[in-house]
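J.: Below is a structure I'd like to ask you about.
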Amino acid sequence: MPCYNIPMDLSQEVTAAKGIGEKTAAKLEKAGIFTLRDLVYLLPRDYENYQAAVKIAKLRPGKVMVKGKISHIETKHTRRRNFTVTTATISDDSGAVRTVWFNQAYRAKQFDEKREYYFTGNYELKNNRYQIMSPSAVLAEDIKATSSNLHPIYPSRNGINSVKFCQFFDGLKGQFAKIPDLVPNLPDAPIKPGLRADSLYKIHFPDNATEVEEARKYLAYEELYELGLAAQLMKSESRKLRSEKMPFSLQDTKNLLKNLPFTLTDAQKRATWDILQDLEKETPMNRLLQGDVGSGKTVVAAISAYQAIRSGFQVALLAPTSILAEQHAEGLDELLAPLGVKTALLVGATKHKDLLKKQIKEGNVDLIIGTHALITDDTIFHRLGLCIIDEQHRFGVAQRQKLLAKTERNILKPADGEPRAPHLLSMTATPIPRSLQLTVFGDLDISIINQLPKGRQPIKTKILKETAQKSELYPKILEEINSGHQVYWICRAIEESGAAASDSATAARGKASLARGQASAAAETASVKKQTKKLQALFPKLKIEFLHGRMKPAEKDEIMTRFAAGKINILVSTTVVEVGVNVPNATLMVISDAENYGLAQLHQLRGRVGRGSAESFCYLISDAETPSRRLQAMEQSTDGFYLAEMDLKIRGPGEIYGSLQHGALDLRIATLTDTKLIARASKAAKIAARYFSQNPETMLKYKELFSGISHYQQLTILN
Ligand code: ADP
Ligand code: MG
C-alpha cells in the first residue's frame, strides 16, 4: 500500500524519476544535473501560450504563433560563404504562409510533412512579401492539452530539449506534493507548510502568470534565506571563539590624539569607538570599516592598533601594494614611535627578512606592516592580537584565505588552555551595497565613515576629448603647478597590440584589476614612458617622472618619496598609485583612456587628489562619441556610496566582489537588487540562526538546508 506521507528525497539520483534511464542520466550529469533536486530546480526560461495560435488567414504583423504543416522546404547557399537560407510553406485549413530561416540548414530535415507543428516568430514584410521570420517550432503532439494556457519552455541542456524536460516533469508530477519544506517553520519566522512544494509545482505546471510570479518570488526568498543563514551561522561560530580583551585607556588614546595635526571628524570618532569597544570584548571582532577615499581610515586603524599594543599585543597591518605598505609604515611610525611603539615593514624587497621574522617571533616589534609577503608560513607572531587589512577588496580570495589560516596558526594558547583568536578589522573604500551586506557579508559588523574631513571640496570632474587637451588641460596643469600643487597623469596600455586590446576590453567590463598585470605590463610601461616624453617636450621646465609596476621596489619607493616631498611636478603612472596613496598636495588627476577603467577604479584613482584643503580637479580623457555611463556618473558625483550603487546597477553584484567575480554566487532565481525581499529573508535567517544556535540538535532535521548553506559558506571570505 502506498504511503503518501513519506516525503520525497530530493537527493536521489535523477534515475529515480520515471522516464530517465542511465543514458539520459549520463547526459544530464554532464549538464550538472545529478539529483532530483537539481532537476526540479531547473526552471523554465520562458512560458509559451499554445492556445494563442491563430489561423493563417488571420495573421497580423508582429509576433505570431500558428499551428500547421510544412511543405516545399528547401535550403539555398548564398554566395557569401557558410550562409544558408531555408524557406518553406506553412499551411493550415485557412491558408498558407511563407517562412524563412537563416543559417539553420538543419531545419530542412527537421520536419515531418504529415505532422502538425506550432511555429512562433515574427510575421513581417520582407522582400515585398509577408513571411514568418525564423520561427521556433514544436511538434504539436508533444504539447499536451492542459487546462493551462502556459507551457514551460526549458533551456536545452546537452542535447536534451524542452520537450524532453516537459516529459520528465510530467513523470514527476504526482510527486511534487511530497517535496519537503526547506526552511524551518519558527514561531518568530513562520512559513506556510508545503509552500515550497507548491511553488515548485507551480513553476513547472502553472495555471497563469500570477502563479509563476508568486512561485518565483518564494523560491527566490528561500535562496536569499539560505545565503543569509550561511552568513549568520558563520557569525555565531566565530562568536564562540575567544579572543583577548584589550581594555580602553582614555589617557593613552588622548596621548595619541595629541600628536595629530587635526581633530577627528565625528564619523571617525564613531567608527573608532565601535572598534575600541570591540577590542575590549572577549569575542573576536570581525568588523569592516567602510569609508570613502580620503575619509581618514588610516588614523582610525592607528588608534585601534595602539589600544592593542598598549595591552601587550602585536598588530599586523596588511596593505595590497608595497607602495602603500611603505607609506603606512612611514606615517604610522611617525605617529606611534613617540609613544614607544616599535614598527617594522615587511614587503618583498625587505632586506634581512630572517632577522625581522625572528624579532617578530620573539615579540620585539609591535606593529608589523606589510604586503602579502607578510603571509608566508615562516612568519610567526609572538602575540598577534589584532589583524588589520587595508583595502580589503583588493586582496584575492586565496590571499584572504591564506591570511585567515595564518591567523589561525597564530591563535594564542594561553595557560588556561583556551585558544585565543586575533581580532580582525578590514577596511575598504569600496562600499558594499546594502543587499550584499545583508546576504553575503551578513556576518560582518560594519562601521561607516560617511563624512570627509573639514575643508575638503568635491573634486571637479570633467570628461575631455583628446583634442581639447591643448586648450583646456595644459593651461590647467600649468595653473595648478604654478600655485605650488602637483599632478598625477594615469595611463595604461593603449590598444596597439592584440594583448593590450583584449586587456582593455576586459577592463571596460570592469574587471581591470583582474586583467591588469597579465597581458600588458610591458605595453603599460611603454605607454607611461611615451606619455612622459610627450609631457617633457610640452613642459620642458617641469620636473616630470614616471612610475610603473615593473620598476624595482626601491626605485618606486624613491620616486614616491620625492613626489610626496613635492620634488616632482607631474607623476606619470600606471594604476600602481590606485589605492591608498596619500599626497595631499596633489590637486590634479588626469586619466588617459578613461573608458578602459571600471567605475570603482576610476573613483579610487580620482581619490588620489582632493586629500588636502585645496580645490582639486580630475580630467577623464575619452574620445567616445557618447561617454559611457560610468564616466558620466563620475562627472556627476564624488560620493563613493552613490557610485557604488551605480556600479551595482551597471554591472550587477556578481562582478564586483572577490570570489563573486568568478560567478561563484550563482543565484538561480533571486537577484541581489531586490532589496525588499532580501531584507525579509535576512530577517528570517537571523531568527533561524538564533534558533539553531540554541537548539543545535534540530539541525539534523534540516539536512538539505545545511548542505546548501555549506556551499555558500565557502564563499564568505571575510570571516
Ligand atoms: P583613506 O580613508 O582614503 O585611507 P587616509 O587615512 O589616507 O584616507 O587620510 C587621507 C588624508 O586625510 C590624510 O592626509 C590624513 O592625514 C588626513 N586626515 C585624516 N583624518 C583627518 C581629519 N579628521 N582632519 C583632517 N585631515 C584628516
Ligand atoms: Mg587608505
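J.: Can you list the strands (runs of 3 or more DSSP E) found entirely within the range 1-107 that contain at least 1 residues being under 39 Å from the mean Cα position of the chain (by Cα)?
T.: Because the criterion is at least 1 residues that are under 39 Å from the mean Cα position of the chain (by Cα), the strands (runs of 3 or more DSSP E) in the range 1-107 that meet it are 46-48, 62-77, 95-102.
J.: Here is a follow-up. For Lys530, indicate whether it is away from ligand 2 (no atom under 16 Å from the Cβ), more than 20 Å from Thr298 (Cα to Cα) and at pLDDT 90 or above.
T.: yes
J.: Inspect the range 274-283 for any residue being within 15 Å of ligand 2 (Cβ to nearest atom) and surrounded by fewer than 24 Cβ atoms within 10 Å (Cβ to Cβ) and give the result as yes or no.
T.: As a first pass, look at the range 274-283 and keep what is within 15 Å of ligand 2 (Cβ to nearest atom): none.
The answer is no; no qualifying residue exists.
J.: Assess whether Ile591 counts as being of a type in the set (Val, Ile, Thr), surrounded by 24 or more Cβ atoms within 10 Å (Cβ to Cβ), touching a strand residue (DSSP E or B) at 6+ places or on another chain (Cβ under 6 Å) and in the same structural domain as Val528 (by TED's automatic domain parsing).
T.: On the way: of a type in the set (Val, Ile, Thr): yes; surrounded by 24 or more Cβ atoms within 10 Å (Cβ to Cβ): yes; touching a strand residue (DSSP E or B) at 6+ places or on another chain (Cβ under 6 Å): yes; in the same structural domain as Val528 (by TED's automatic domain parsing): yes.
Judged against the criteria, Ile591 is a match.
J.: Please identify the pairs in which a residue from the range 447-468 that is of a type in the set (Val, Ile, Thr) and at pLDDT 90 or above has its Cβ atom under 9 Å from the Cβ atom of a residue that is in a loop (DSSP other than H, G, I, E, B) and within 16 Å of ligand 2 (Cβ to nearest atom), counting only partners at least 6 apart or on another chain.
T.: Ile448/Pro431; Ile449/Thr265; Ile449/Asp292; Ile449/Ser295; Ile449/Gly296; Ile459/Gly607; Ile459/Val609; Ile459/Gly610
J.: Suppose we filter the range 246-265 for residues that are in contact with a strand residue (DSSP E or B) (Cβ under 8 Å, 6 or more places away or on another chain) and either away from ligand 1 (no atom under 14 Å from the Cβ) or not in a loop (DSSP other than H, G, I, E, B) (or both); how many remain? Outline the logic, then answer.
T.: Within the range 246-265, the subset in contact with a strand residue (DSSP E or B) (Cβ under 8 Å, 6 or more places away or on another chain) is 246, 265.
Pick out the ones that are also either away from ligand 1 (no atom under 14 Å from the Cβ) or not in a loop (DSSP other than H, G, I, E, B) (or both) and you get 246.
Number satisfying all stated conditions: 1.
J.: Please name all residue pairs, on different chains or six or more residues apart, with Cβ atoms under 7 Å, provided the first residue is in the range 661-678 and is over 16 Å from Ser435 (Cβ atoms) and the second residue is at pLDDT 65 or above.
T.: Once the first residue is over 16 Å from Ser435 (Cβ atoms) and sits in the range 661-678, its partners that are at pLDDT 65 or above give Arg668/Tyr41; Arg668/Leu43; Arg668/Glu223.
J.: Of the residues His372, His328, which is buried (at least 23 other Cβ atoms within 10 Å of the Cβ) and in contact with a strand residue (DSSP E or B) (Cβ under 9 Å, 6 or more places away or on another chain)? Walk me through it before giving the result.
T.: Details: His372 fails: buried (at least 23 other Cβ atoms within 10 Å of the Cβ).
After ruling out the rest, the residue left standing is His328.
J.: Taking into account only those residues within the range 301-325 that are within 12 Å of ligand 1 (Cβ to nearest atom) and in a helix (DSSP H, G or I), which is modelled with the lowest pLDDT?
T.: Leu324
J.: Given the options Ile20, Ile6, name the one that is farther than 14 Å from Phe165 by Cα, β-branched (Val, Ile, Thr), in contact with a helix residue (DSSP H, G or I) (Cβ under 8 Å, 6 or more places away or on another chain) and in contact (Cβ under 8 Å) with a residue 12 or more places away in the chain.
T.: Residue meeting the stated conditions: Ile6.
Listed here are the residues, each with its yes/no results for (1) in contact with a Gly (Cβ under 8 Å, 6 or more places away or on another chain); (2) over 22 Å from Leu345 (Cβ atoms).
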{"position": "Thr532", "(1), (2)": "no, yes"}
{"position": "Leu542", "(1), (2)": "no, yes"}
{"position": "Gly549", "(1), (2)": "yes, no"}
{"position": "Pro553", "(1), (2)": "yes, no"}
{"position": "Asp557", "(1), (2)": "no, no"}
{"position": "Thr561", "(1), (2)": "no, no"}
{"position": "Asn569", "(1), (2)": "no, yes"}
{"position": "Thr574", "(1), (2)": "yes, yes"}
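J.: If you check Ala373, Ala337, which single one turns out to be without any contact (Cβ under 8 Å) to a residue 60 or more places away in the chain and either touching a Gly at 6+ places or on another chain (Cβ under 7 Å) or of a type in the set (Val, Ile, Thr) (or both)? Spell out the reasoning first.
T.: Working: Ala337 fails: either touching a Gly at 6+ places or on another chain (Cβ under 7 Å) or of a type in the set (Val, Ile, Thr) (or both).
Sole residue among the options that is without any contact (Cβ under 8 Å) to a residue 60 or more places away in the chain and either touching a Gly at 6+ places or on another chain (Cβ under 7 Å) or of a type in the set (Val, Ile, Thr) (or both): Ala373.
J.: Sticking with this structure for a sec: Is the range 279-300 home to any residue that is away from ligand 1 (no atom under 11 Å from the Cβ), touching a residue at least 40 places away in the same chain (Cβ under 8 Å), in contact with a helix residue (DSSP H, G or I) (Cβ under 9 Å, 6 or more places away or on another chain) and assigned to a helix (DSSP H, G or I)?
T.: Of the range 279-300, the ones away from ligand 1 (no atom under 11 Å from the Cβ) are 279-288.
Going one step further and asking which of them are touching a residue at least 40 places away in the same chain (Cβ under 8 Å), we end up with 279, 282-288.
Checking the rest, the ones that are also in contact with a helix residue (DSSP H, G or I) (Cβ under 9 Å, 6 or more places away or on another chain) come to 279, 283-288.
Checking which are assigned to a helix (DSSP H, G or I) leaves us with 279.
Yes; the residues of the range 279-300 include at least one that is away from ligand 1 (no atom under 11 Å from the Cβ), touching a residue at least 40 places away in the same chain (Cβ under 8 Å), in contact with a helix residue (DSSP H, G or I) (Cβ under 9 Å, 6 or more places away or on another chain) and assigned to a helix (DSSP H, G or I).
J.: Also, I was wondering about something else. Say we look at the range 567-583 and pick out the residues that are assigned to a loop (DSSP other than H, G, I, E, B) and within 16 Å of Ile323 (Cα to Cα); which of these is nearest to ligand 2 (Cβ to nearest atom)?
T.: Ranking the candidates gives Gly580 first.
J.: Test Gln661 against the stated conditions and say whether it is in contact with a helix residue (DSSP H, G or I) (Cβ under 7 Å, 6 or more places away or on another chain), at pLDDT below 70 and under 21 Å from Pro184 (Cβ atoms). Explain how you work it out, then say what you get.
T.: Numbers: in contact with a helix residue (DSSP H, G or I) (Cβ under 7 Å, 6 or more places away or on another chain): yes; at pLDDT below 70: yes; under 21 Å from Pro184 (Cβ atoms): no.
For Gln661, the condition - in contact with a helix residue (DSSP H, G or I) (Cβ under 7 Å, 6 or more places away or on another chain), at pLDDT below 70 and under 21 Å from Pro184 (Cβ atoms) - is not met.
J.: Looking at the range 403-415, can you tell me whether even one residue there is within 16 Å of ligand 2 (Cβ to nearest atom), surrounded by 21 or more Cβ atoms within 10 Å (Cβ to Cβ) and either modelled with pLDDT under 85 or assigned to a loop (DSSP other than H, G, I, E, B) (or both)? Full working, then the answer.
T.: Keep residues of the range 403-415 that are within 16 Å of ligand 2 (Cβ to nearest atom), which gives none.
No: the range 403-415 contains no residue that is within 16 Å of ligand 2 (Cβ to nearest atom), surrounded by 21 or more Cβ atoms within 10 Å (Cβ to Cβ) and either modelled with pLDDT under 85 or assigned to a loop (DSSP other than H, G, I, E, B) (or both).
The values are calculated or read from the model by the stated rules, or taken from the named source; none is laboratory data. Predicted, not measured: the structure shown is a model, and the values here were computed from it. Using ideal geometry, Cβ is built from the backbone for each residue, glycine included, and neighbour counts are taken over all protein chains shown.
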